[in-house]
Structure formats: C-alpha cells, structure tokens
Amino acid sequence: MAVAVVAMAAAMPVVADAGVALVKYEVTGGESIAKSLTGKPGDAAKGRGLAIHRKKGNCLACHAMPIPEQSFHGNIGPDLAGVASRYSAGELRLRLVDATIVNKDTIMPAFYRTAGLHRVLKKFKDKTVLKAQEVEDILAYLLTLK
Amino acid sequence: MGIEQQGLKRHLRLGTIIMALIGVGLGGSIANAGSDDKYRAGDRSSGYTYAAKETRAMQDDDFANPAYIWIDQGEALWSTAEGAAGKSCSTCHDDAADTMKGVATRYPAYDKSLGKMKSTEQQINICRVKQMQAKPFKWESSQMLSMTAYVNSQSRGMAMNVKVDGAAAPFFEKGKAFFNERRGQLNMACKNCHEDNAGNMARANLLSEGQSTGFPLYRLKWQKLGSIHRRFRGCNKNVRAKPYGYGSDEYVNLELYVGWRGRGLPIETPAVRN
C-alpha cells in the first residue's frame, strides 16, 4: 500500500534478443529506477511471502529481516530492518532488478535480468528470477520496513 | 570380501583401537578433542573447522565414520585381480600404505601423454584399461569412490601440495578463471561464497572456504560417499548453472586450483560433512 506508483505510459515491453518480453526500465542517476515496472501497485503481503519463498526472492538466504517466524536468517548482505529509511523506492527497485548496476562485485543475483548470463540451466534460460509484478510486490513489502 | 569378513575386520580393528586407548589412557585422547589447529594452514582452514561438533565427531572416530564401508571395499578391491591381464592394483603397486602415500597431495597432476591434467579417478582408470585390461570404473560408482577414497586415505595428515607451475601452469590459470567466473541464472562465482563470504551464513548453512582435502567424503545430505566433481556439479546447479560432466577438463582444472587454495592443509579423506 505504501508504494508510490508511477503511471505506466512509458513502460513499454521490449523484445529481448531471445524473444522474451522484458519490461523496459530507465536507470536515473546510475542508482534508481523511479518508475514501476508494471504500473500496478505492489502487494506488500504477497511481497513478504515472496521474500521468504526459497525459489523466488529467498531474501532470507542472505539478509536478516523482521520476519520472526522464520528461523535461520543469512548474514551475507545487510540487515533489511529499516531499509526503507535508508533507500528510496527507486533505489530499492534498482537493487532488486539488478544490483550489479550499483556494485559490480556484489554477490546479489539480478532478479529481473536475462542478458549477459553464463551457462544458465535450460529450465531457467531467458527467464528472470522474479516476474515484474513480483519485483513490485517485494518492493512494496520492503517499503514497509522503516 | 564378503559382508561377514568385512564385519569381522571392523571388529578386529575396533579391538586394536580399544587396546590402544587403554594403552595411552583414555584421558589423553579426550584432552586433544576440540583443538582444530591441525586443520589450518596459513590463512586457510578446512571445512572441518566449519563443521558442527557432531559432524566432526563422526570424522574423528573411524568406527563412527560411515565412509569406512567404502574404504574397506577399496582395500578389498586393491588386491582383487580383474581384466584380461589377470592383474590387481597390488600386482604392480604392492602395499598401498607405502606406494600410495602422498598421492592425494599431488593430484590432479600433469600427464605428458594426455597433454593435460589428470585426476586420481582418471589415473585409476588408465591403470585399469592399460595395465589390467579391465573395464574402467564409472566416475561416481561405488567401486570408483571406494578405490579413490582408499588411495587418498593413504595420505591422511600429509600436507596438500599440488604442482601448479611448469606444464601445469596454463591449467591452473583455467581453473582459477572458472573459480572467479559468474555463472547461472543467479550469476554467482565460486569465489562469491567461498572466498568473499566464508564464515557467513546462507540461511542455516555456514559457508566454508570450499577446501577439497577431504574428498571423496561422506556427505550427510547424500547419505553416501561422493566425489569432488559431484560437489562441483551440485554447487553449479544451486546457482542454476549448467554443470559440466564428471571428469571434464573444466572440473579437473578447477580441482587443481581448489587444491592449490588448500595448500598445506592435511589430507582428511574420508572426511564427513553436512
């Protein structure tokens, strides 16, 4: 509910090399994707579930989060408690889409990217880890962490 | 060797150890438990130092270590003649305790006639085909795991010391490049976890340095012994990358690089890990 959604007039689907449509996005200032990937508000409750889901966001693999019912949070990345006080929606969206844009050495997977990957298993080939709306849902959840 | 004979052997060995314990005094051996200094060399630490207390205890005690089923089988195979030449390993190599001592510290090694690196498994099959005129073992078969574990276990406690210069140098560079190259949908390199994040938690898993000195090892998750190439394949699939084949040049070169990363660490075969 807390997501500031930008109208989607500019978010036109583009056809990637492999024929899979990815939503086109614009990176501003090298560190932010201001516009929603879908134009549809993210669902924070769904996003929380996707953050836990081991085959989707799996955020807990690397990050501690204020999700007390789940045990064993990772500590590879920063604690996400209060993350929305530290980053804007656009900055968080960029980090979900492709964190290597802001830090080329990061271990964090790009959740919305298919280009430039090496030896992807056939069943994941030309697929993003998260769908565009799933990125928006997780973002909506992250924006509740103030 | 039949099951009964194997059982008898284990009982005999148990008896020997109990007598040895009585001899040195039980207190002395307990006093040493818990120190893992011998599993470190320079800035490098074996997966043993990352393992849970219960897992370490299984490895520390040869009778609790489930890998000994394979070691016993390997010992039996060592002197079993197979193939048209009517030879066994022991026909040429006599007692493995003497002739195989140190082998695990040197492999993978450069092979002039192949013009590339060869792993212990590959040398075993070269012997089987050329010397014994027997069928090669399949890579992840019980026999190959048993023989490799038996051979490598002869070097227990000796320092890892693979040769990476001279003819091995270009293969070492390839292995290093593999270790540092991102792959798969999750776009991760070996180094992301095992160099940059060793000691950190990936959910409930404590990331280790990815050292190779315990292979083949008994993995609790597998409920059996497995080769290092099996582990490489598992890691590759975890990051949603296409794995290479067992015995592929890519994995043998990676095995060389990983061996070098663990230089100075003691051979632990057969180790136990989670």
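Of all the residues in the range B:53-75, those that are of a type in the set (Gly, Ala, Ser) and either buried (at least 16 other Cβ atoms within 10 Å of the Cβ) or under 16 Å from the mean Cα position of the chain (by Cα) (or both) number 2.
When the range B:192-212 is limited to residues that are part of a strand (DSSP E or B) and facing another protein chain (nearest Cβ under 7 Å), the one that is nearest to A:ASN58 (Cα to Cα) turns out to be B:ALA202. Note on the range A:99-112: among residues that are buried (at least 21 other Cβ atoms within 10 Å of the Cβ) and either touching a Phe, Trp or Tyr at 6+ places or on another chain (Cβ under 7 Å) or among the aliphatic types (A, V, I, L, M) (or both), the one that is nearest to the other protein chains (Cβ to nearest Cβ) is A:ILE107. Residue check: is A:MET8 touching a Pro at 6+ places or on another chain (Cβ under 8 Å), modelled with pLDDT under 50 and surrounded by fewer than 16 Cβ atoms within 10 Å (Cβ to Cβ)? The answer is no for A:MET8. Restricting the range B:162-171 to residues that are part of a loop (DSSP other than H, G, I, E, B) and in contact with a helix residue (DSSP H, G or I) (Cβ under 6 Å, 6 or more places away or on another chain) leaves a set whose member that is surrounded by the fewest Cβ atoms within 10 Å (Cβ to Cβ) is B:VAL164. Looking across the range A:113-144, the residues that are among the aliphatic types (A, V, I, L, M) and surrounded by 20 or more Cβ atoms within 10 Å (Cβ to Cβ) come down to A:LEU117, A:VAL120, A:VAL129, A:LEU130, A:ALA132, A:VAL135, A:ILE138, A:LEU139, A:ALA140, A:LEU142, A:LEU143. Pick from B:ALA177, B:ALA189: which is crowded, with 18+ Cβ neighbours inside 10 Å, within 30 Å of A:THR114 (Cβ to Cβ) and within 14 Å of chain A (Cβ to nearest Cβ)? B:ALA189 is the lone residue from the list that is crowded, with 18+ Cβ neighbours inside 10 Å, within 30 Å of A:THR114 (Cβ to Cβ) and within 14 Å of chain A (Cβ to nearest Cβ).
With the structure loaded, tell me whether A:VAL120 is within 13 Å of another protein chain (Cβ to nearest Cβ) and touching a Phe, Trp or Tyr at 6+ places or on another chain (Cβ under 7 Å) or whether it fails that test. I'd like the intermediate steps shown before the answer.
On the way: within 13 Å of another protein chain (Cβ to nearest Cβ): yes; touching a Phe, Trp or Tyr at 6+ places or on another chain (Cβ under 7 Å): no.
Criteria not met by A:VAL120.
Within 18 Å of the chain's Cα centre (by Cα) and either within 14 Å of chain A (Cβ to nearest Cβ) or touching a residue at least 12 places away in the same chain (Cβ under 8 Å) (or both): is that true of B:TYR244 in this structure? Judged against the criteria, B:TYR244 is not a match. Counting only residues that are without any contact (Cβ under 8 Å) to a residue 60 or more places away in the chain and either within 12 Å of chain B (Cβ to nearest Cβ) or surrounded by 18 or more Cβ atoms within 10 Å (Cβ to Cβ) (or both), the range A:88-98 holds 4 of them. Each residue in the range B:58-80 was checked for being touching a residue at least 24 places away in the same chain (Cβ under 8 Å) and either part of a loop (DSSP other than H, G, I, E, B) or of a type in the set (Gly, Ala, Ser) (or both), and 7 of them qualify. Candidates B:ALA149, B:ALA159: the one that is touching a residue at least 12 places away in the same chain (Cβ under 8 Å), farther than 23 Å from A:LYS123 by Cβ, surrounded by fewer than 18 Cβ atoms within 10 Å (Cβ to Cβ) and more than 14 Å from chain A (Cβ to nearest Cβ) is B:ALA159. Tell me whether the range A:31-47 contains one or more residues that are of a type in the set (A, V, I, L, M, F, W, C), within 13 Å of another protein chain (Cβ to nearest Cβ) and either without any contact (Cβ under 8 Å) to a residue 12 or more places away in the chain or surrounded by fewer than 17 Cβ atoms within 10 Å (Cβ to Cβ) (or both). Looking through the range A:31-47, none of the residues is of a type in the set (A, V, I, L, M, F, W, C), within 13 Å of another protein chain (Cβ to nearest Cβ) and either without any contact (Cβ under 8 Å) to a residue 12 or more places away in the chain or surrounded by fewer than 17 Cβ atoms within 10 Å (Cβ to Cβ) (or both).
The values are calculated or read from the model by the stated rules, or taken from the named source; none is laboratory data. What you see is a predicted model, and the numbers here were worked out from it, not measured in a lab. Glycine gets a Cβ as well: all are built from the backbone with ideal geometry, and neighbour counts include every protein chain shown.
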